[in-house]
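Report on the following structure.
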Amino acid sequence: MDVVDIAKKTLLIYPLVEGHCRRVANLTYAVTSLLHMSNHKKITLAAYLHDLGKTTWPPELLTKFPIEPSDWAVITAHPIASLNILDEIWPKSPEFINALVRGHHERPGGGGYPDGLQEPALEMLIIGACDVYDAIINRHEFIPGEALSSEFALSQVEQFAPVQIMDALTKVIQKNTSTMPSA
């Protein structure tokens, strides 16, 4: 089995998490391809692996709302937990992929986690943008209630993503929306 198969098996402990990781990877692939990034396949792989650490969470935390202040320590530790799991299933994983898995919640100006990087790499911000977008529009899978709009999701991503990411993500979303079959 290759790393993707092992990761999928691990992620399927929580099928909702695996679905989220798959969608984030698909969005990441589309965005990085549109931006003509030569390493788009590695970035896409990191996007699929980014939430491995959520498989260490108690099941009720995945769908808990509202989140208690005491839950934040577990939540903000998941990038490190993802990296620890990745080290178990792929001990010689490239440092580039490790950095993206660890840094997918980093934000410009040091507002992210786990390291509070002042200037996260563009690739980290791409995965972060796709992660936030998918988490918001598919929020109903984890939390009862209606899905939130694409416009709202993009407005949240816009708070941290550079213009080039916003432009590419918006184009990908518009293209995906225009090619969806009508109900």
Exercise. Using the Karplus equation 6.51 cos²θ - 1.76 cosθ + 1.60 (θ = phi - 60°), what ³J(HN,Hα) coupling, rounded to whole Hz, does each residue of the stretch 8-14 give in order, writing x for Gly and Pro?
Worked result: 4, 4, 5, 5, 5, 4, 10
For this session: Filter the cross-link list 9/54; 92/171; 54/92 down to pairs whose alpha-carbon distance in this structure exceeds 25 Å.
Result: 92/171
Exercise. Among 129, 77, 161, whose mean-square fluctuation peaks in a Gaussian network model of the chain (Cα, cutoff 10 Å)?
Worked result: 77
Exercise. Along the stretch 29-37, what does the Karplus equation 6.51 cos²θ - 1.76 cosθ + 1.60 (θ = phi - 60°) give for ³J(HN,Hα), rounded to whole Hz, x for Gly and Pro?
Worked result: 4, 5, 5, 5, 5, 4, 7, 6, 7
For this session: For the stretch 1-17 and the stretch 40-58, compute the distance between their C-alpha centroids and round to whole Å.
Result: 10 Å
For this session: Determine the dipole magnitude for the stretch 3-177: charges of +1 sit on the beta-carbon of Lys and Arg, -1 on that of Asp and Glu, nothing else is charged, the reference point is the Cα centre, and the result goes in debye to the nearest 20.
Result: 480 debye
Problem set entry | Fully extended contour minus Cα-Cα distance, from residue 147 to residue 115, at 0.36 nm per residue | 8.5 nm
For this session: With θ set to phi - 60°, apply the Karplus curve 6.51 cos²θ - 1.76 cosθ + 1.60 along the stretch 56-66 and write out the HN-Hα couplings as whole Hz, x wherever there is a Gly or Pro.
Result: 8, 6, x, x, 5, 5, 5, 10, 6, 7, x
For this session: Subtracting the Cα-Cα distance from 0.36 nm times the residue separation, let me have the gained length for residue 71 to residue 155 in nm, one decimal.
Result: 27.7 nm
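We did not get these values from a lab; they are worked out from the coordinates using the rules stated. Fair warning: this is a prediction, and the values are worked out from it, not measured in the lab. All Cβ positions, even for glycine, are placed from backbone atoms using ideal geometry, and neighbour counts span all protein chains on display.
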